[in-house]
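The values are calculated or read from the model by the stated rules, or taken from the named source; none is laboratory data. Keep in mind that what you see is a predicted model, and the values were worked out from it rather than measured. Note: ideal-geometry Cβ built from the backbone for every residue, glycine included; neighbour counts use all protein chains shown. Surface areas here come from the heavy atoms of the whole protein model, side chains and all, with no ligands, DNA or RNA. Shrake-Rupley method; radii C 1.70, N 1.55, O 1.52, S 1.80 Å.
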Amino acid sequence: MYNAVEDDRRLVEETFHELRIPVFERTVNAGSWEKACVPPDLETAEDVVDRLVEDSTCAPFLFEWGRKENESEGDEPCWELVHKYGTYWRWVRSVIGDEADERGEGRSLRIEYRPLPTQPSVEDVIGLHCLVTGLIRGLVAAEHPIVELSWADARDGFYNAMRDGLDAELHWVTEDGDPTTEPERIYPELFAFARRGLREQGLSDAEAEAYIAPLATRWHERTTPSGWKKRRVEARLDEGRPLSDAIESMQTEYLRRSRTDEPFVEWE
């Protein structure tokens, strides 16, 4: 795929920091048919169901085609609705009807947050999930004015981060209600409310700090896995290696280090 590249360095420089999002969207979206996208704001719980029902179906399927032995359609009262999730993709997606508890009783209505990328170590995976869930919990507990952020600014920030990583222009509303795009104001507040959210869930100050630290350190040291990958490829190009070899070598090193217990922020 790299044989026809005219400028190796330009390719590395212009490559997005998160490729899964544009690859997936370009795979499943066609024309005005947006199967994968940032969804519009929801006003009511009923909107969740209405949007799912209205979404274009690209793979019709009859219950009889997938029926298991001794299974009747009455065993799943919302079979068609549940099945439609197979072709209903949003980066933030509502999920309806799954079993709500370990005994299989009751039904749930929840939000599935899909943009989180895989991390290079178990510690980093846990840290990212704690950052996101802690932040949401902390913002809600504090009645933070982030709800005043416009949908367009939130959407643009999502795609800017995908494209530019730590250099992305993000929009935020501070706890004082001031709109800002200054990273030096956004990130410290983001980490602070993530720690608060974890404390709201019963974690100690030390535990909250330990979970958030791997991600906060990335900001302070201006490093991310995607940035690491791009720098490694550039270093190999400086050695005179072909682009395909530089990418393969980088990815081999990345996989090797991912199999160790070393957190990403300690990678050299």
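Only one of the numbered conditions (1) under 26 Å from the mean Cα position of the chain (by Cα); (2) open to solvent by 30 Å² or more (accessible area, probe 1.4 Å); (3) over 30 Å from Leu135 (Cβ atoms) is not met by Lys230, and that is (3).
Of all the residues in segment 44-92, those that are of a type outside the set (Ser, Thr, Tyr) and either at pLDDT 80 or above or not in a loop (DSSP other than H, G, I, E, B) (or both) number 29. The residues of segment 2-25 that are of a type outside the set (Phe, Trp, Tyr) and at pLDDT below 90, listed by number, are Asn3, Ala4, Val5, Glu6.
Considering segment 128-164, and only residues there that are more than 13 Å from the chain's Cα centre (by Cα) and of a type in the set (Gly, Ala, Ser), the residue that is nearest to Arg20 (Cα to Cα) turns out to be Ala154.
Just a yes or no: is a residue in segment 184-191 aliphatic (A, V, I, L, M) and farther than 22 Å from Ala141 by Cβ?
So the first thing to find is which residues in segment 184-191 are aliphatic (A, V, I, L, M), and the list is 186, 190.
After this cut, where a residue has to be farther than 22 Å from Ala141 by Cβ as well, the list is none.
The answer is no, given that none of the residues of segment 184-191 is aliphatic (A, V, I, L, M) and farther than 22 Å from Ala141 by Cβ.
Select from segment 178-220 the residues that are closer than 23 Å to Ala152 by Cβ and in contact with an Asp or Glu (Cβ under 7 Å, 6 or more places away or on another chain) and write down the one among them that is surrounded by the most Cβ atoms within 10 Å (Cβ to Cβ). So, considering only residues that are closer than 23 Å to Ala152 by Cβ and in contact with an Asp or Glu (Cβ under 7 Å, 6 or more places away or on another chain), the one surrounded by the most Cβ atoms within 10 Å (Cβ to Cβ) is Glu189. Each residue in segment 17-57 was checked for being under 18 Å from Arg114 (Cβ atoms) and either hydrophobic (A, V, I, L, M, F, W, C) or open to solvent by 60 Å² or more (accessible area, probe 1.4 Å) (or both), and 18 of them qualify.
Among the residues making up segment 248-268, those that are open to solvent by 40 Å² or more (accessible area, probe 1.4 Å), over 20 Å from Met162 (Cα atoms) and part of a helix (DSSP H, G or I) are Glu248, Thr252, Leu255, Arg256, Glu266. Residue by residue through segment 6-16, note down the ones that are over 23 Å from the mean Cα position of the chain (by Cα) and surrounded by 14 or more Cβ atoms within 10 Å (Cβ to Cβ). Matches in segment 6-16: Asp8, Leu11.
Please go through segment 1-41 and pick out each residue that is within 27 Å of Arg110 (Cα to Cα), outside any helix (DSSP H, G or I) and either in contact with a strand residue (DSSP E or B) (Cβ under 8 Å, 6 or more places away or on another chain) or not aliphatic (A, V, I, L, M) (or both). Glu18, Asn29, Trp33, Glu34, Lys35, Cys37, Val38, Pro39, Pro40, Asp41, listed by residue number. Listed conditions (1) outside any helix (DSSP H, G or I); (2) of a type in the set (Ser, Thr, Tyr); (3) farther than 15 Å from Pro225 by Cβ are all met by Thr118, apart from (3).
Counting residues in segment 113-123 that are over 15 Å from the mean Cα position of the chain (by Cα), open to solvent by less than 70 Å² (accessible area, probe 1.4 Å), over 28 Å from Phe24 (Cα atoms) and touching a residue at least 12 places away in the same chain (Cβ under 8 Å) gives zero.
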